[in-house]
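The values are calculated or read from the model by the stated rules, or taken from the named source; none is laboratory data. It should be emphasised that the depicted structure is a prediction, and the values quoted were computed from it without experimental measurement. All Cβ positions, glycine included, derive from the backbone under ideal geometry; neighbour counts span all protein chains shown. Note: accessible area is taken over every heavy atom of the protein model, side chains too, but ligands, DNA and RNA are not part of it. Shrake-Rupley method; radii C 1.70, N 1.55, O 1.52, S 1.80 Å.
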Amino acid sequence: QVQLVESGGGLVQPGGSLRLSCAASGSIFSINAMGWYRQAPGKQRELVARITSDGSTNLADSIKGRFTISRDNAKNTVYLQMNSLKPEDTAVYYCNARAVYRAYGIPHEYNYWGQGTQVTVSS
């Protein structure tokens, strides 16, 4: 079991910045990747950024150059620094953790999700 708690969302003007945090607890040792997804009303959930256990990252094209994902292993926390925010960034942002469990040497993956934090970019 992994529990994820997000924070840092809010209302910001276009061009502004926000920093999202996601703190993980529980079976932290099982996590091999964490990331941020977002979903706007009427649209599909999309990957924003992901960071793996070895530090590798991948970012959505729409946010490259503006957002940065990072982690603090000591705090079991992943961050999403969002700069130069645009109205189209408005969405509920969900923290995701991918966990791997082994049963008799066979790996099984499971995704955990935070409750989501609202980010609104508006004038």
Using θ = phi - 60° and Karplus 6.51 cos²θ - 1.76 cosθ + 1.60, couplings along the range 50-55 (whole Hz; Gly, Pro as x): 9, 10, 9, 5, 8, x
Stretchable slack from SER56 to ALA103, in nm (0.36 nm times residue separation minus alpha-carbon distance): 14.3 nm
PHE29 paired with THR68, simple spin-label distance in nm, labels 7 Å along Cα-to-beta-carbon: 3.3 nm
The range 17-108: chymotrypsin sites (Phe, Trp or Tyr not before Pro) falling in loop per DSSP and having at most 10 other Cβ within 10 Å: TYR104
Accessible area per residue in Å² at 1.4 Å probe, computed on the range 1-94: 52 Å²
Karplus-derived 3J(HN,Hα), 6.51/-1.76/1.60, for each residue of the range 37-48, Hz, glycine and proline x: 10, 9, 9, 9, x, x, 10, 6, 5, 10, 6, 9
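Looking at the chain, what % of its DSSP beta bridges pair antiparallel, to the nearest 5?
Values: 46 of 49 bridges.
The antiparallel fraction comes to roughly 95 percent.
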Cα-centre dipole for the chain with unit charges at Cβ (Lys and Arg positive, Asp and Glu negative), debye to 20: 20 debye
J(HN,Hα) series, the range 13-21, from Karplus relation 6.51 cos²θ - 1.76 cosθ + 1.60, nearest Hz, glycine and proline x: 7, x, x, x, 9, 9, 10, 8, 10
Long-range amide H partners of LYS86 with built H, under 5 Å: GLY15
Relative contact order (percent, whole number), the chain, Cα cutoff 8 Å, 6+ residue spacing: 35 percent
Simple label model, 7 Å out from Cα along Cβ direction - ARG45 to LYS75, nm: 2.5 nm
